[in-house]
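Below is one structure, written out as structure tokens, with a few remarks after it.
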């Protein structure tokens, strides 16, 4: 089965702790993305990567970090510097190309920080 | 002002109704226009895609793009309870590094 997996589905953390969200894809896609979704805000891009060992900040990168050591994996760390980390986090992947328009999304991780 | 504006709803319609969902945008460089459907607590999935202006039909769904007005629409005919979801418009520029700009999403409920 080809697709994107995110784990865990629900995650609870205490304020001040770093937490890492997992994202794995077996679609052989070059590009991977992390979004945050809040009610009334739509999807906002946190980080994206087009190639292994390289990634770029999106619109709301502050308080987050990523790595891309393998093509199929793009973990996101929510650091204690993120002021409002409670949200629904979505990972996506796509092929690369000037006409690429489809991104494939994982099922998401709902993070609650108290 | 956001680059893409979308009425968040919620929109509630009876089964069988025609639904119209809309987005406006400000960036004239957008060339690719997509509609994603997102069921509750799931990731979005691509529903429709249109390049530049024009109409595209797929079963009960029709996507329209009017670049002169910077306005896109998704029409759902004979709506079903299974269409109840959040519908997100998304756009990208030619090139643009594959980055998509999303609307806030419209929550639709189709009632029996």
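The values are calculated or read from the model by the stated rules, or taken from the named source; none is laboratory data. Small disclaimer: the values here were computed from a predicted structure and weren't measured. Neighbour counts run over all protein chains shown; Cβ positions are idealised from the backbone, glycine included.
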| request: Go through the stretch B:80-106 residue by residue and tally those that are at pLDDT 95 or above and surrounded by fewer than 21 Cβ atoms within 10 Å (Cβ to Cβ). | output: 5
| message | I'd like to know if the stretch B:89-109 contains one or more residues that are farther than 30 Å from residue A:56 by Cβ and away from chain A (no Cβ under 11 Å). | response | yes
| message | Here is a list: A:56, A:17, A:50. Which entry is in contact (Cβ under 8 Å) with a residue 12 or more places away in the chain and closer than 29 Å to residue B:51 by Cβ? | response | A:50
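Results for (1) touching a strand residue (DSSP E or B) at 6+ places or on another chain (Cβ under 8 Å); (2) crowded, with 21+ Cβ neighbours inside 10 Å; (3) away from chain B (no Cβ under 14 Å), shown as yes or no for each residue.
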| residue | (1), (2), (3) |
| --- | --- |
| A:59 | yes, no, no |
| A:63 | yes, no, yes |
| A:68 | yes, no, yes |
| A:77 | yes, no, yes |
| A:81 | no, no, yes |
| A:91 | yes, yes, no |
| A:97 | no, no, no |
| A:100 | yes, no, no |
| A:106 | yes, yes, no |
| task | Mind counting the residues in the stretch B:30-48 that are within 14 Å of residue A:102 (Cα to Cα), touching a residue at least 12 places away in the same chain (Cβ under 8 Å) and in a strand (DSSP E or B)? | result | 10
| Sole exception among (1) within 11 Å of chain B (Cβ to nearest Cβ); (2) buried (at least 18 other Cβ atoms within 10 Å of the Cβ); (3) at pLDDT below 95 for residue A:40, by number | (2)
| Any chance residue A:112 is more than 14 Å from chain B (Cβ to nearest Cβ), outside any loop (DSSP other than H, G, I, E, B) and either in contact with a strand residue (DSSP E or B) (Cβ under 7 Å, 6 or more places away or on another chain) or touching a residue at least 40 places away in the same chain (Cβ under 8 Å) (or both) | no
